[in-house]
1. Determine which single condition residue 41 fails, assuming it passes every other condition in (1) at pLDDT 95 or above; (2) in contact with a helix residue (DSSP H, G or I) (Cβ under 9 Å, 6 or more places away or on another chain).
2. Can you name every residue in the stretch 59-68 that is within 22 Å of residue 35 (Cβ to Cβ) and within 16 Å of the chain's Cα centre (by Cα)?
3. Which numbered condition trips up residue 62, out of (1) loosely packed, with under 14 Cβ neighbours inside 10 Å; (2) closer than 27 Å to residue 109 by Cβ?
4. Assess whether residue 21 counts as being over 20 Å from residue 102 (Cα atoms), touching a residue at least 40 places away in the same chain (Cβ under 8 Å), surrounded by 16 or more Cβ atoms within 10 Å (Cβ to Cβ) and touching a strand residue (DSSP E or B) at 6+ places or on another chain (Cβ under 6 Å).
5. Might you let me know whether the stretch 100-120 holds any residue that is modelled with pLDDT of 95 or more, closer than 25 Å to residue 8 by Cα and surrounded by fewer than 14 Cβ atoms within 10 Å (Cβ to Cβ)?
6. Name, by its number, the condition in (1) surrounded by 15 or more Cβ atoms within 10 Å (Cβ to Cβ); (2) farther than 29 Å from residue 111 by Cβ; (3) in contact (Cβ under 8 Å) with a residue 60 or more places away in the chain that does not hold for residue 97.
7. Between 67, 40, 79, 53, which is in contact (Cβ under 8 Å) with a residue 40 or more places away in the chain and surrounded by 14 or more Cβ atoms within 10 Å (Cβ to Cβ)?
8. Taking residue 4 and the conditions (1) surrounded by fewer than 16 Cβ atoms within 10 Å (Cβ to Cβ); (2) outside any strand (DSSP E or B), which numbered condition does it fall short on, given that it satisfies the others?
């Protein structure tokens, strides 16, 4: 099963980076392959978010259940979409008031090879 792990040191606070990643409705402005996104529901520290991923004329929505820990982490699990399995999350580790380490970890498996061929590179390029 493919796994993505990325990390970066940035000159922004953990809260600022959490706010950016949690701004689901703006994903289409800066996330390659994402042509639409929306918050399906939100209550307390739980959010369901849906993203429309487009590649080579194929479009697929997927929905995740996200658990939010402000300025610390966002955990994601699959609700619906073109995956057999999708889980992972973001962590935000404060280094100072104006710097943090951000980490992304995702594990995913597509439901079929056609979808994997169309969208595999989109997810691996994150």
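The values are calculated or read from the model by the stated rules, or taken from the named source; none is laboratory data. What you are looking at is a predicted structure, and each value in this text was computed from that prediction instead of being measured. Using ideal geometry, Cβ is built from the backbone for each residue, glycine included, and neighbour counts are taken over all protein chains shown.
1. (2)
2. Here is the first cut: in the stretch 59-68, the residues within 22 Å of residue 35 (Cβ to Cβ) are 59-66.
Those that are within 22 Å of residue 35 (Cβ to Cβ) and within 16 Å of the chain's Cα centre (by Cα): 60, 61, 62, 63, 64, 65, 66.
3. Just one mismatch for residue 62, condition (1).
4. Numbers: over 20 Å from residue 102 (Cα atoms): no; touching a residue at least 40 places away in the same chain (Cβ under 8 Å): yes; surrounded by 16 or more Cβ atoms within 10 Å (Cβ to Cβ): yes; touching a strand residue (DSSP E or B) at 6+ places or on another chain (Cβ under 6 Å): yes.
It is false that residue 21 is over 20 Å from residue 102 (Cα atoms), touching a residue at least 40 places away in the same chain (Cβ under 8 Å), surrounded by 16 or more Cβ atoms within 10 Å (Cβ to Cβ) and touching a strand residue (DSSP E or B) at 6+ places or on another chain (Cβ under 6 Å).
5. Within the stretch 100-120, the subset modelled with pLDDT of 95 or more is 100-105.
Filter once more, keeping what is closer than 25 Å to residue 8 by Cα: 100-105.
With the extra rule that they be surrounded by fewer than 14 Cβ atoms within 10 Å (Cβ to Cβ), the set shrinks to none.
No, the stretch 100-120 contains no residue that is modelled with pLDDT of 95 or more, closer than 25 Å to residue 8 by Cα and surrounded by fewer than 14 Cβ atoms within 10 Å (Cβ to Cβ).
6. (1)
7. Numbers: 67 fails: in contact (Cβ under 8 Å) with a residue 40 or more places away in the chain; 40 fails: in contact (Cβ under 8 Å) with a residue 40 or more places away in the chain; 79 fails: in contact (Cβ under 8 Å) with a residue 40 or more places away in the chain.
Residue meeting the stated conditions: 53.
8. (2)
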